[in-house]
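Enquirer: First the structure, which I've put down as structure tokens, then a few questions once you've had a look.
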Amino acid sequence: MKRIQRSELIVLKSEKSGENHRLVTLFTSNSQIVRALAFGAAGSKSAMRGLTTPFCLCEGELYHDPVKDLWRITHLSGLDLYDGIRSDLKKFYTISLLAEIILKSYGGGDEKAYALFKKTIGFIDRAEKAEDVEKLLVFYLWRYLKMSGVLSDPWECGSCGRTVATSETVYYTGDGQFSCRSCCGESAGELNHRALNYLYMTSGMTFEEALPVETDQSILATVKKSLILIAQSLIEYPLKTLKTGSMFI
């Protein structure tokens, strides 16, 4: 392991450690999650004080102490503080939910996970409409779950193998599997044909292309609820942000 690592990174979590230090959880550009100590960062005169709070985008230098097996942040320079997120509770709690999912799924296990999160946080920061924030949450969750390799093809029943018709509803039955109505049993979430078609249409688009695609608010709400339930069932840990930010997500 290299003792010094230089990387672009996003702060996911920050906790006070001692009187003037911060223990910071970072998501690095190679999709690694690193917990590092920022000495003096909680002090009022520290240059790192404003950069060690969620969800700052920075260039950073990290040092690994092999004796204590401890990462330290030796330098940070801010690239984007995402002021639009800090001033909007819906945006803040939406990004908080995504960060919690990343942490509890250990980064998703894919090198592209960082790029997806960085792109999503940038779009949410600049979003002008609450509906766009909802859409971006859906876009992110679907891509992240597929990227993580935990979801099967929803257009094929995971139980009987039958191709699901475009007019059917599919049901998430756990372990990354979707089933048709005949095979579903108990399900953690369902996607009707309109919700499936929306996902199918937008999943192959860039965010710029997908945002203008119109859909009913009820369809968007159905997709969002189902994907959150699926993420919750796969992670197998309670998502605390859903409780603290329930009014805004």
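Enquirer: When you scan the range 193-220, how many residues do you find that are in a loop (DSSP other than H, G, I, E, B) and of a type in the set (Asp, Glu)?
Expert: Total satisfying the criteria: 2.
Enquirer: Then there's this: Strands (runs of 3 or more DSSP E) wholly in the range 1-50 with at least 3 residues that are among the aliphatic types (A, V, I, L, M) and under 20 Å from the mean Cα position of the chain (by Cα) - which ones?
Expert: Per the criteria, 4-17.
Enquirer: Can you tell me which of Leu62, Leu89, Leu151 is modelled with pLDDT under 95 and among the aliphatic types (A, V, I, L, M)?
Expert: So the residue among Leu62, Leu89, Leu151 that is modelled with pLDDT under 95 and among the aliphatic types (A, V, I, L, M) is Leu151.
Enquirer: Another one. Listed residues Arg194, Arg181; which is touching an Asp or Glu at 6+ places or on another chain (Cβ under 9 Å) and farther than 18 Å from Lys135 by Cβ?
Expert: Of Arg194, Arg181, the one residue that is touching an Asp or Glu at 6+ places or on another chain (Cβ under 9 Å) and farther than 18 Å from Lys135 by Cβ is Arg181.
Enquirer: Here's something else I'd like to know. Could we say that Lys68 is outside the structural domain of Tyr237 (by TED's automatic domain parsing) and out of contact with any Asp or Glu (no Cβ under 6 Å at 6 or more places or on another chain) here?
Expert: Considered against the rule, which asks whether it is outside the structural domain of Tyr237 (by TED's automatic domain parsing) and out of contact with any Asp or Glu (no Cβ under 6 Å at 6 or more places or on another chain), Lys68 comes out as yes.
Enquirer: The conditions are (1) touching a residue at least 24 places away in the same chain (Cβ under 8 Å); (2) of a type outside the set (A, V, I, L, M, F, W, C); (3) not in a loop (DSSP other than H, G, I, E, B), and Pro54 fails exactly one of them. Which is it?
Expert: (3)
Let's see how each residue does on (1) modelled with pLDDT of 95 or more; (2) touching a Leu at 6+ places or on another chain (Cβ under 7 Å); (3) farther than 27 Å from Ile124 by Cβ:
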site: Arg3; (1), (2), (3): no, no, yes
site: Leu9; (1), (2), (3): yes, yes, no
site: Leu12; (1), (2), (3): yes, yes, no
site: Asn20; (1), (2), (3): no, no, yes
site: Val24; (1), (2), (3): yes, no, no
site: Phe27; (1), (2), (3): yes, yes, no
site: Leu37; (1), (2), (3): yes, yes, yes
site: Gly40; (1), (2), (3): no, no, yes
site: Ser46; (1), (2), (3): no, no, yes
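Enquirer: Something else: If Ala195 satisfies every condition in (1) crowded, with 21+ Cβ neighbours inside 10 Å; (2) at pLDDT below 95; (3) over 13 Å from Leu227 (Cα atoms); (4) of a type in the set (A, V, I, L, M, F, W, C) but one, which is the exception?
Expert: (3)
Enquirer: Follow-up question, since we're still on this one. If I go through the range 86-119 residue by residue, how many of them are closer than 12 Å to Phe55 by Cα and without any contact (Cβ under 8 Å) to a residue 40 or more places away in the chain?
Expert: 1
The values are calculated or read from the model by the stated rules, or taken from the named source; none is laboratory data. All values reported here derive from a predicted model rather than from experimental measurement. Ideal geometry is used to build each Cβ from the backbone, glycine not excepted, and the neighbour counts take in all protein chains shown.
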